[in-house]
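The values are calculated or read from the model by the stated rules, or taken from the named source; none is laboratory data. This structure is a prediction, so every number in the text was calculated from the model and none was measured. Backbone-built Cβ (ideal geometry, glycine too); neighbour counts: all protein chains shown.
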């Protein structure tokens, strides 16, 4: 089961960048002596969590609206991804940090039960 702040998300969501993250960053500089200086450090926050639906993550308009409401304040959220808990915030630097589309493109149904597909959720893990 996947939940964002208690809102149940479709089980069809995938986390394709889960293993891409490395908290160690490095910069290389050449000193005036010609020696290479390696600067390394550990990131405190910022692990990207991108959840994608790939057409397999259906939800209702009521769920879309509930998720969208969480974007209106930059508060800390809790993501439960199949039992793994993460403190997250929306990645507002991404214009498409939340996208959902009507399942039936020509359907004008705007009831709370109207079906949508969840395309992307882009979050950032916060450790502090």
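Flag set for residue 66, criterion: in contact with a strand residue (DSSP E or B) (Cβ under 9 Å, 6 or more places away or on another chain), without any contact (Cβ under 8 Å) to a residue 60 or more places away in the chain and assigned to a helix (DSSP H, G or I). Taking the conditions exactly as written (surrounded by 14 or more Cβ atoms within 10 Å (Cβ to Cβ) and either on the phi > 0 side of the Ramachandran plot or assigned to a loop (DSSP other than H, G, I, E, B) (or both)), does residue 12 satisfy them or not? So residue 12 fits the description; yes.
Within segment 96-104, identify whether any single residue is touching a helix residue (DSSP H, G or I) at 6+ places or on another chain (Cβ under 9 Å) and modelled with pLDDT under 90, and answer yes or no. Taking every residue of segment 96-104 in turn, at least one turns out to be touching a helix residue (DSSP H, G or I) at 6+ places or on another chain (Cβ under 9 Å) and modelled with pLDDT under 90.
Against the conditions (1) loosely packed, with under 10 Cβ neighbours inside 10 Å; (2) within 15 Å of the chain's Cα centre (by Cα), residue 34 satisfies every one except (2). Considering only residues in segment 85-95 that are over 15 Å from residue 66 (Cα atoms) and surrounded by 11 or more Cβ atoms within 10 Å (Cβ to Cβ), the one that is modelled with the lowest pLDDT turns out to be 94.
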